[in-house]
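Input: a single structure, listed below in structure tokens.
The values are calculated or read from the model by the stated rules, or taken from the named source; none is laboratory data. Predicted model, so just to flag it, every value in this text is computed and none were measured. Glycine gets a Cβ as well: all are built from the backbone with ideal geometry, and neighbour counts include every protein chain shown.
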Amino acid sequence: MRLSDDSAAAVIARFLKARGIDRVFGLCGGHIMPLWMRIDAAGIAIVDVRDERAAVYMAHAYGELTGTFGVALVTAGPGVTNALTGIANAHVARAPVLVLSGLPPRAQENRGALQDIVHTELVRSITRYARTVREPSLVLQELDEAVARALGHGGEPGPAYLDFPTDTLRAEVPRVLQRAEHMRPKPAPPLVPAAAAIDAAAAILWNARRPLVISGRGARRAGPALMRFLDALGAPYLDTGESRGLVPDSHPSVVAAMRGTVMGEADVVVTVGRRLDFQLAYGSPAVFGDARFVRIADTPMELRDNRRGDVEMLGDCGRVLDALVAKAAGRAPALDCTWAQDLRARHAARATTLHDAMRTAPADSQGRIHPNRLLAALQDGVGADALFVADGGDFLSFARVGLAASTWLDPGPLGCIGIGTPFGIAAALACPGRTVVVATGDGAFGFNAMEIDTAVRHHVPVLIVVANNGAWQIEVHDQMQSYGKVVGTRLQFADHAAMARAFGMHAQRVERVEDLAPAIERALAHRPALLDVVVTPDAVSSDAKTGLAWVPDLQALAAWDDAERRWRGA
Ligand SMILES: Cc1ncc(C[n+]2csc(CCOP(=O)(O)OP(=O)(O)O)c2C)c(N)n1
Ligand SMILES: [Mg+2]
């Protein structure tokens, strides 16, 4: 069948091309076939995956790393339900993703047609926009709006969803309604905070003795401005997974290893594009004491969640930070330099201790490698500029503490384990030339393990490293500690390397520490590649120790939960 150049499917494909989309992630089906074929005809690459959930994960990572939005194309019915977890993850992570799907032709709707369910109702609570487009002449207008919503123009970024009946995709869009105003890309509307707010914030910050800066998602495009701000203010700085790599470890403000201490000691806390969520103790006075808050964000959710700021600045983060530095005009901050330098020195000492301990971490009584030893070998094998995707339970925790990365992706605040391989594939496609490594637990790997097939078919140079401890180990630790019994959390020490080889991937199982470095070197030279590394289940990660898996009542971590109880009781 040849569809006309004015078919809705052709118009949608032209729109995607006009918006700079060079790649779409999807899984085919009859309901979306017209669009699938026209996307291909428009010269947009299609990465055909093995499960729609993986397509959305890939679109999510691709959008974040390319700085635009990612596109997932999934078929009607189970295509959309499979995609739901990916959409939910992008929703919580505020990642710009456009999900497109199909519906039965209009004349068959609600008559028991194949794959006929109401998708928009399913996705409504986890999308910024969810519409069915039945009228061909409205296709472009709806796409324009959906993309604006996904990018967070005038609101919060996140997933946007559109579906089209198959006959709508085949129908013609009148030329006069294919308007350039809807087709062309739009810059983000500039968000400029009020001058009075800048004045007030600069006064608070430059008079603070112990300021602390914490960044998140909203700071991602503001790395250089953030560094200028830190240089001017001299404040200690905490990273979070959302913005990891923005400020290099060598920067004197970085005090990551002193996280708990600095959170308790700061007198002013500046959040830059960061929610005060469970990872930051909800900003509770139980943990942050009497600290005042100054909040900077380009979206409302990162501006005033849980704690109101003395000053709240809704604006482009880079612009706000530069305005603050300009306002201070070289004035020396009231910073307690001894405090800041002491934190930095203690951070450096801890980091050195960890670095050394990781390289000598002993194997268990059966000779199984310590996860930290694996991570050290990986870091040494790929260098500091690698892009890391970390996934799993205990292993994610070890990786978060132990790995340095200039770009970092992880399951995010939804705790969405299983993203590893899809994120890694998308990252390697988005960042050609960079070394992309997926460091994943064996349990987490299993969710989307089939995507190794996608990596091989599309020649994606990703390295997947499975830390195989034969268990959902962080849950095992929790069960043993809280209940004294292991129930349904042990896996096998399955041979993931054999599985990868079955799909034509270079793969090796590694059981001895001395084989790690050569195996990593070989794998890097033969990407896509997988290493199945048998690690000890006996190693207890910091997340297991701090009670994250146990889910305390008031706070995410046991120590914060105790502090919150004491504070509320007082
Ligand atoms: C989709 C999903 N299912 C279950 C969980 C709960 N969970 C969190 S970590 C974890 C264990 C992960 O096991 P693995 O990847 O092997 O890492 P390990 O703890 O063994 O290092 C589980 C089941 C989750 N966060 N997300
Ligand atoms: Mg495991």
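Scan segment 542-555 residue by residue and report those that are more than 18 Å from THR261 (Cβ to Cβ) and either among the hydrophobic types (A, V, I, L, M, F, W, C) or surrounded by fewer than 20 Cβ atoms within 10 Å (Cβ to Cβ) (or both).
Across segment 542-555, the qualifying residues are ALA544, LEU548, ALA549, TRP550, VAL551, PRO552, ASP553, LEU554.
Among all residue pairs at least 6 apart or on different chains, which show Cβ distances below 7 Å where the first residue, located in segment 367-391, is part of a helix (DSSP H, G or I) and the second is hydroxyl-bearing (Ser, Thr, Tyr)?
VAL382/THR435
If we only count helices (runs of 4 or more DSSP H) wholly inside segment 498-570, which ones have 1 or more residues that are farther than 16 Å from ASN469 by Cα, in contact with a Gly (Cβ under 9 Å, 6 or more places away or on another chain) and within 16 Å of ligand 2 (Cβ to nearest atom)?
Values: elements: 516-525, 542-546, 558-569.
Those helices (runs of 4 or more DSSP H) span 542-546.
Do we have GLY393 as within 16 Å of ligand 2 (Cβ to nearest atom) and under 24 Å from GLY470 (Cα atoms) here?
yes
For segment 451-474, enumerate the residues that are more than 9 Å from ligand 2 (Cβ to nearest atom) and either over 19 Å from ILE520 (Cα atoms) or in contact with a Cys (Cβ under 9 Å, 6 or more places away or on another chain) (or both).
Of everything in segment 451-474, those that are more than 9 Å from ligand 2 (Cβ to nearest atom) and either over 19 Å from ILE520 (Cα atoms) or in contact with a Cys (Cβ under 9 Å, 6 or more places away or on another chain) (or both) turn out to be GLU451, ASP453, THR454, ARG457, HIS458.
What number goes with the only condition from (1) within 18 Å of VAL24 (Cα to Cα); (2) in a loop (DSSP other than H, G, I, E, B); (3) within 15 Å of ligand 1 (Cβ to nearest atom) that PRO422 does not pass?
Only one criterion is unmet by PRO422, namely (2).
How many residues does segment 1-43 hold that are surrounded by 18 or more Cβ atoms within 10 Å (Cβ to Cβ), more than 31 Å from the chain's Cα centre (by Cα), assigned to a helix (DSSP H, G or I) and among the small types (Gly, Ala, Ser)?
Residues in segment 1-43 being surrounded by 18 or more Cβ atoms within 10 Å (Cβ to Cβ), more than 31 Å from the chain's Cα centre (by Cα), assigned to a helix (DSSP H, G or I) and among the small types (Gly, Ala, Ser): 2 in total.
If GLY488 meets every condition in (1) surrounded by 16 or more Cβ atoms within 10 Å (Cβ to Cβ); (2) within 11 Å of ligand 1 (Cβ to nearest atom) apart from one, which number is that one?
The number of the failed condition is (1).
Do you know which residues across segment 106-133 are under 19 Å from VAL71 (Cα atoms) and in a loop (DSSP other than H, G, I, E, B)?
THR127, ARG128, VAL133 - these are the residues of segment 106-133 that are under 19 Å from VAL71 (Cα atoms) and in a loop (DSSP other than H, G, I, E, B).
Go through (1) part of a loop (DSSP other than H, G, I, E, B); (2) surrounded by fewer than 20 Cβ atoms within 10 Å (Cβ to Cβ) and name the single condition ASP231 misses.
ASP231 satisfies every listed condition except (1).
Would you check if VAL534 is more than 22 Å from LEU414 (Cα to Cα), in the same structural domain as SER365 (by TED's automatic domain parsing), more than 16 Å from ligand 1 (Cβ to nearest atom) and surrounded by 15 or more Cβ atoms within 10 Å (Cβ to Cβ)?
Judged against the criteria, VAL534 is not a match.
Is there a residue in segment 317-326 that is in contact (Cβ under 8 Å) with a residue 24 or more places away in the chain, among the charged types (D, E, K, R), buried (at least 17 other Cβ atoms within 10 Å of the Cβ) and in contact with a Gly (Cβ under 9 Å, 6 or more places away or on another chain)?
For segment 317-326, residues in contact (Cβ under 8 Å) with a residue 24 or more places away in the chain, among the charged types (D, E, K, R), buried (at least 17 other Cβ atoms within 10 Å of the Cβ) and in contact with a Gly (Cβ under 9 Å, 6 or more places away or on another chain): absent.
State all residues of segment 125-139 that are within 18 Å of GLY102 (Cβ to Cβ) and within 29 Å of the chain's Cα centre (by Cα); if no residue qualifies, say none. Give the steps one after another, and end with the answer.
The first filter runs over segment 125-139 and keeps only residues within 18 Å of GLY102 (Cβ to Cβ), leaving 127, 129-136, 138-139.
Hits for segment 125-139 are THR127, TYR129, ALA130, ARG131, THR132.
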